[in-house]
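Asks: My questions all concern the structure below.
The values are calculated or read from the model by the stated rules, or taken from the named source; none is laboratory data. No experiment lies behind these values; they were computed from the predicted model shown. Positions of Cβ are backbone-derived with ideal geometry, glycine not excepted, and every protein chain shown enters the neighbour counts. Please note that ligands, DNA and RNA were not included when accessible areas were found on the heavy atoms of the full protein model with its side chains. Shrake-Rupley method; radii C 1.70, N 1.55, O 1.52, S 1.80 Å.
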Amino acid sequence: MAAVTAVDVARARSAVAEQAPLVQCLTNSVVQTITANALLAAGAAPAMVDNVHEAAAFAAIASGVLVNVGTLDDAKAQAMAAAAASAREHGTAWVLDPVAVGGLEFRTRVARELLEHAPTVVRGNASEVLGLAGAGSGGRGVDTTDGVDDALEAARELSARTGGVVAVSGVVDVLVHAGRTVRVPGGHVLLTRTTGAGCSLGALVAAYAGAEPDPLVAATAAHLHVALAAERAAARTDGPGSFAIAWIDELSAVDAGALGEAAGRLA
């Protein structure tokens, strides 16, 4: 039996719909629009408050915070550190998305320093997780060159270090926390051909973590939500352009009942 059940993910989906969690997104400039649209479709409220003057204050009142290092500069790094520190101080759930970490020195250093603020969830592909843990040299830009199982031990070590969930995205996503492991199959290859799908997943994890107190349940429900919406969208579209629009529609359409039914695939 999976460590996360159908009842768990249905409860988490209902919580997001009922609470409309406020998600602060310190994310990369390429994906802000699709990230905001994905959050709105799922029933959350996005706020792109990412400047150093306001980041800490907003993290104190947000339901969840996303820190995505995709397009990083000195000012953003300072704002991210301030937001992460404030989130930890005020008990706000926060997610670290270590985009392209491992292959570039600046973002790798910044992301590793952010680990000191104990992210609720780290979410990345296998190469990013390995790079963050100091066990690999990163992938090809934002694309992984490692398999999910290659990063499993590094994910467990990171989880033990931070006390939070570590989620490794792949053909089958693997999430680890406090001795528990969940595998989430599904999704569709068109997710990899849609700008911002992975970054939006990080934001949705922050939304779920802001509404559901068990971080593993929250992260699992978000991954399953994204996968199910992608399958539904791909079934009625012909390519990445129409898929991107349909995926946002399906993120809205997936309710607690549908997510609970899909939980049978969890392992």
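Asks: Label Ala178 and Glu116 with points 7 Å out from Cα along Cα→Cβ: what is the distance between them in nm?
Replies: In this crude label model, Ala178 to Glu116 measures out at 2.6 nm.
Asks: Suppose we keep just the DSSP beta bridges with both residues in the chain; what percent of those would be antiparallel, to 5?
Replies: Numbers: 9 of 29 bridges.
The answer is about 30 percent antiparallel.
Asks: Please figure out what share of the DSSP beta bridges in segment 13-163 is antiparallel and state it in percent, rounded to the nearest 5.
Replies: Values: 1 of 16 bridges.
Looking only at bridges with both residues in segment 13-163, the antiparallel portion is about 5 percent.
Asks: D for segment 1-90, whole µm²/s, Stokes-Einstein with Kirkwood Rh over alpha-carbon pairs at 4 °C and 1.567 mPa s: what number? Don't skip to the end; give the middle numbers.
Replies: On the way: Rh = 14.0 Å.
Stokes-Einstein gives a translational diffusion coefficient of 93 µm²/s.
Asks: Please compute the Kirkwood hydrodynamic radius of segment 12-171 from all pairs of different C-alpha atoms, in Å with one decimal.
Replies: Values: mean 1/r = 0.0641 Å⁻¹.
Kirkwood hydrodynamic radius for segment 12-171: 15.6 Å.
Asks: From the phi of every residue in segment 104-112, what ³J(HN,Hα) in whole Hz does the Karplus formula 6.51 cos²θ - 1.76 cosθ + 1.60 yield, where θ is phi - 60° and glycine or proline is x?
Replies: With the stated coefficients, segment 104-112 comes to 10, 5, 4, 5, 5, 5, 4, 5, 5 Hz.
Asks: Considering only DSSP beta bridges where both residues belong to segment 89-213, give the percentage that are antiparallel (nearest 5). List each step's numbers first, then the result.
Replies: Numbers: 9 of 17 bridges.
Roughly 55 percent of the beta bridges in segment 89-213 run antiparallel, per DSSP.
Asks: For an R0 of 41 angstrom, estimate the FRET efficiency from the Cβ-Cβ distance between Glu89 and Ala235 and round to the nearest 0.05.
Replies: Values: r = 45 Å, r/R0 = 1.09.
The value I calculate is 0.40.
Asks: Sticking with this one: For segment 63-128, count the residues as N, evaluate 2.2 N^0.38 Å, and divide the Cα radius of gyration by that value, please. Mind dumping the intermediate values first?
Replies: Working: Rg = 11.0 Å, N = 66, 2.2 N^0.38 = 10.8 Å.
Output field value: 1.01.
Asks: Along each of its three principal axes, how wide is the spread of alpha-carbon positions in segment 198-241, in whole angstrom units, largest first?
Replies: Taking max minus min along each principal axis of the Cα atoms, segment 198-241 gives 38, 16, 12 Å.
Asks: Another question about this same structure. Percent relative contact order of segment 82-129, based on C-alpha pairs within less than 8 angstrom and at least six residues apart? Please list the in-between numbers first.
Replies: On the way: 52 pairs, mean separation 22.0, N = 48.
Contact order relative to length: 46 percent.
Asks: Compute the FRET efficiency between Asn51 and Arg161 as 1/(1 + (r/R0)^6), taking r as their Cβ-Cβ distance and R0 = 22 Å, and round to the nearest 0.05. It would help to have the intermediate numbers written out before the result.
Replies: Details: r = 29 Å, r/R0 = 1.33.
Efficiency, from the Cβ-Cβ distance: 0.15.
Asks: Taking the chain, how much of its Cα-Cα pair set, in percent, is spaced more than 24 angstrom apart? Don't skip to the answer; put the middle values down first.
Replies: On the way: 14078 of 35511 pairs.
Percentage above 24 Å: 40.
Asks: Among Gly131, Val182, Val110, whose Cα projects farthest towards the positive end of the dipole of segment 67-197, with charges put on the beta-carbon of Lys, Arg (+1) and Asp, Glu (-1)?
Replies: Positive-most Cα among the choices belongs to Val182.
Asks: OK, next. Once Lys and Arg get +1 and Asp and Glu get -1 on their Cβ, which of Ala151, Leu191, Gly210 lies farthest toward the positive end of the dipole of segment 142-210?
Replies: Gly210
Asks: How much accessible surface area, in Å² rounded to 10, belongs to the heavy atoms of Ser63 with a 1.4 Å probe?
Replies: It works out to around 40 Å².
Asks: So what is the relative contact order for the chain, in percent, with contacts set as C-alpha pairs under 8 Å and at least six apart? Walk me through the numbers before you get to the answer.
Replies: On the way: 621 pairs, mean separation 63.1, N = 267.
Averaging sequence separation for qualifying contacts and normalising by length gives 24 percent for the chain.
Asks: Further, regarding this structure: How large a share of the accessible area of segment 161-222, in percent, is made up of carbon and sulfur atoms when the probe is 1.4 Å and the other protein chains stay in place?
Replies: Working: 1080 of 1900 Å².
After summing per-atom areas, the C and S share lands at 57 percent.
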